[in-house]
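Single-structure report; data block below.
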Amino acid sequence: MLRSMTRRLLLLVTLVVASAVALALLSSGGVIPSVVRNPLSDFVQPGVTVWWLVLGGPFRVAPSSVSGIAFAAVANAVLWLAAIWFVVALYGLIQRRLSTR
């Protein structure tokens, strides 16, 4: 149980850091090739959407302040963790259904 929680916490921290780095790169204003920019943008889009609904508002595309990036990074990590949990739970359910036949 403790190992499972440690893994989840480590995954959450990793996702928060990856999200924050991606958001900082995207908001830096530097030229990023589209082959790198597009996957980064796709990865952080769930958190940016939550940020926009809660703190951003019209005429704001992405967070640029430290607090905005932190909020979007945490929101992004939580959403990706929920998506991972859903896929793992669905996989377990399918495996159980197939093994009972």
Degrees, to the nearest 10: 34-51 long Cα axis against longest axis of the chain = 80 degrees
For the peptides 59-66, 48-55, 87-94, what is the packing order when you average, over each peptide's residues, the other Cβ atoms within 10 Å and list the highest mean first?
-> 48-55, 59-66, 87-94
Out of (i) 1.08; (ii) 1.11; (iii) 1.22, which label holds the value of Rg/Rh (Cα atoms, Kirkwood Rh) that was computed here?
-> (ii)
How large is ³J(HN,Hα) for each residue in region 62-79, as worked out from phi by the Karplus curve 6.51 cos²θ - 1.76 cosθ + 1.60 (θ = phi - 60°), to whole Hz, x for Gly and Pro?
-> 8, x, 10, 7, 4, 5, x, 5, 4, 4, 5, 5, 5, 4, 4, 4, 5, 5
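Each reported figure results from applying straightforward, stated rules to the coordinates on display, with no laboratory input. None of these values were measured; they are calculated from a predicted model. Positions of Cβ are generated from backbone atoms using ideal geometry, with glycine treated the same way; all protein chains shown enter the neighbour counts.
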